1. If you scan segment A:330-344, which residues turn out to be modelled with pLDDT of 90 or more and open to solvent by less than 20 Å² (accessible area, probe 1.4 Å)?
2. Testing A:SER278 on (1) in contact (Cβ under 8 Å) with a residue 60 or more places away in the chain; (2) within 29 Å of B:MET49 (Cα to Cα), one condition comes back false. Which one is that?
3. Listed residues A:VAL151, A:VAL174, A:VAL129, A:VAL168; which is over 30 Å from A:ALA18 (Cα atoms) and open to solvent by 50 Å² or more (accessible area, probe 1.4 Å)?
4. Which residue pairs have Cβ atoms under 9 Å apart, sit 6 or more places apart or on different chains, and have a first residue in segment B:20-31 that is within 14 Å of A:PHE394 (Cβ to Cβ) and a second that is outside any helix (DSSP H, G or I)?
5. Say whether the condition of being out of contact with any helix residue (DSSP H, G or I) (no Cβ under 6 Å at 6 or more places or on another chain), in a helix (DSSP H, G or I) and either modelled with pLDDT under 90 or surrounded by 15 or more Cβ atoms within 10 Å (Cβ to Cβ) (or both) is met by at least one residue in segment A:423-431.
6. Being assigned to a strand (DSSP E or B) and either in contact with a helix residue (DSSP H, G or I) (Cβ under 9 Å, 6 or more places away or on another chain) or modelled with pLDDT of 95 or more (or both): is that true of A:ILE201 here?
7. Looking at segment B:49-92, which of its residues are more than 7 Å from chain A (Cβ to nearest Cβ) and modelled with pLDDT of 80 or more?
8. Among strands (runs of 3 or more DSSP E) lying entirely in segment A:105-175, which contain 1 or more residues that are under 30 Å from A:GLY319 (Cα atoms)?
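The values are calculated or read from the model by the stated rules, or taken from the named source; none is laboratory data. Note that the structure is predicted; figures quoted are calculated from it, not measured. Cβ coordinates were reconstructed from backbone atoms using ideal geometry, including for glycine residues, and neighbour counts include every protein chain displayed. These area figures cover heavy atoms from the full protein model, side chains too; ligands, DNA and RNA do not enter into them. Shrake-Rupley method; radii C 1.70, N 1.55, O 1.52, S 1.80 Å.
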Amino acid sequence: MRSQVFNRGVGLVVAAIAGGAAILLWIAVASDPPAQGNVPSTGAIFGVWQLLYDMQAPTPRVLLAAVSLAALFAAAVALIEIRVSNRSRRSFDVQTSPLAPKVIMAATRGTFHGAVSVTVLIPAHNEEVTLPDTLRSILAQSHRPDRVIVVADNCTDDTVAIAHSHGVEVVETVDNTAKKAGALNQVLRSILPDQGPNDVIMVLDADTAVDDGFLAAAVSRFTNDRGLMAVGGLFYGEEGAGLLGQLQRNEYVRYSAQIGRRRGRVFVLTGTASLFRSTALRTVAANRGASIPGIRGDVYDTAALTEDNELTLALKSLGALIISPAECTVVTEVMPTVGALWVQRLRWQRGALENLGAYGLTPATFRYWAQQLGIGYSVIALSGFVLLIMITVFAVNAWVWFPFWLGLGVVFTAERVVSVWNGGWRARLLAAALVPELIFDIVLDLVYVQGIIDITRGRKGAWGHVDHAPARTALQEENVS
Amino acid sequence: MTGLIQAIPTGIVLPESVLHSEFFAVLAAFVAVNTVMYAALAISKIVPMVHWSDWLPGRRRRTETRSIFPDAATREHPEAPSAPTVRGSGTP
């Protein structure tokens, strides 16, 4: 596929575009010099409290331009995304969109290929601590899976024995060096050829518990729509890990709410728990090395740092219809320390950018490029904001009220609280405090910058792995992007 | 008022004159524009979503069943089977 140079340059491309946009705005703002430094006025509340205030604010014309610009960007991204998805939906081209609904429906029209069956694959590398919970959650589903296979990859603990004790099948990988993707490829190569059009493969992380009703809802979707190629889980964070845990839980609540607003149109089929129609996986394997990156015959691209994100791009590139229904929820681990969070997010960030480098700018990847540019620009915007606050704080020794900034603060606080409403009172309180989430965002921005530096320098990406205390019934490293 | 301002001639670390420099004015305007843009996006994320297709009759109607059961009813044909049921009769 694409050259290594382009892959390494993807971070710089995103940084350059985002930086270019910021410079243009700076020049535009500087070309019409704003009024310099008003002297704060003094006022009184109820004639008692003396306070300093500064009414300085951009002109209505500038404010209107800013709002229009934001609306224009949002509308452009949304419209292009709708256009791309409509194109896939209406496509009848077996060559370019072999997984498009119309192509799949034509191939299965008028024939009943049997009821939907579910084979669960649980890749596990030394997961004796968390595997029992995962197995219990999947075996207790109201719609029981037809097969459960634990894919034991280079295990040196009791993973295999635990799987046997729960009465599920175990397949041990042979000479696998490509981690989770390689382990899954091995087992998929042997089971996919026997699967029919209504046979579904579920990939479930060994540290993830699926909520009851997950499988029933997913099977119902696959039954009612034979054009549907994949169903992804919506994840929420497990309890624990204090403030850092709550910050991550808030983030996950917002992501789920966003997917809900999009009616399940998903960005990434989570590696923690997703189901794929066998036809989809076979088609991906057949197209690797040609229209999508990777080695022909491999379902997962072993070169990808975030294999779930990569597989989502592969499916979308082939025209597949994929969703994340609100009923399909999974509990996922939150990182217990800033260090662990840093490693996890660095992998997600690098994985997302590297995948875009591998696919290039295509209709299917447009939305993801826009997302990366959005994050890149937000890094610059947030840095500017922090710089402004710091200069102001260091240069003023009396508290001055800025009604314009206070108003904006109220708007942001409202958005933070409303968007996390489903997360409960703790989530809302944390959102209302504003500052902790602002600091969390700054940390994620630093990860983003580190990711770009690492990619550009060609440093090897690392997989995070959280060591669990044996008594802890928790989830382990996971793959949402 | 003048007395109050004169009482705070310099800041804690930086001279107060920084706040009256052109750089600071441009930075403030730059940040203001960005913040307003993000505020607009933030508001757009919390206002209720309108799905226009819900209001347009017929947009979501299917001409044939998408179920794995070929006999399944469709909105257009609530009872009639929509396709033959013989295995292998589908379009390749």
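1. Scanning segment A:330-344 gives A:VAL330, A:MET335, A:LEU341, A:GLN344.
2. (2)
3. Values: A:VAL151 fails: open to solvent by 50 Å² or more (accessible area, probe 1.4 Å); A:VAL129 fails: open to solvent by 50 Å² or more (accessible area, probe 1.4 Å); A:VAL168 fails: open to solvent by 50 Å² or more (accessible area, probe 1.4 Å).
From the options A:VAL151, A:VAL174, A:VAL129, A:VAL168, the qualifying one is A:VAL174.
4. Short answer, once both residue conditions are applied: B:SER21/A:GLN36; B:SER21/A:GLY37; B:PHE24/A:GLN36; B:PHE24/A:GLY37.
5. no
6. Numbers: assigned to a strand (DSSP E or B): yes; either in contact with a helix residue (DSSP H, G or I) (Cβ under 9 Å, 6 or more places away or on another chain) or modelled with pLDDT of 95 or more (or both): yes.
It is true that A:ILE201 is assigned to a strand (DSSP E or B) and either in contact with a helix residue (DSSP H, G or I) (Cβ under 9 Å, 6 or more places away or on another chain) or modelled with pLDDT of 95 or more (or both).
7. Correct list: B:THR65 only.
8. On the way: elements: A:117-124, A:147-152, A:169-172.
Output list reads A:117-124, A:147-152.
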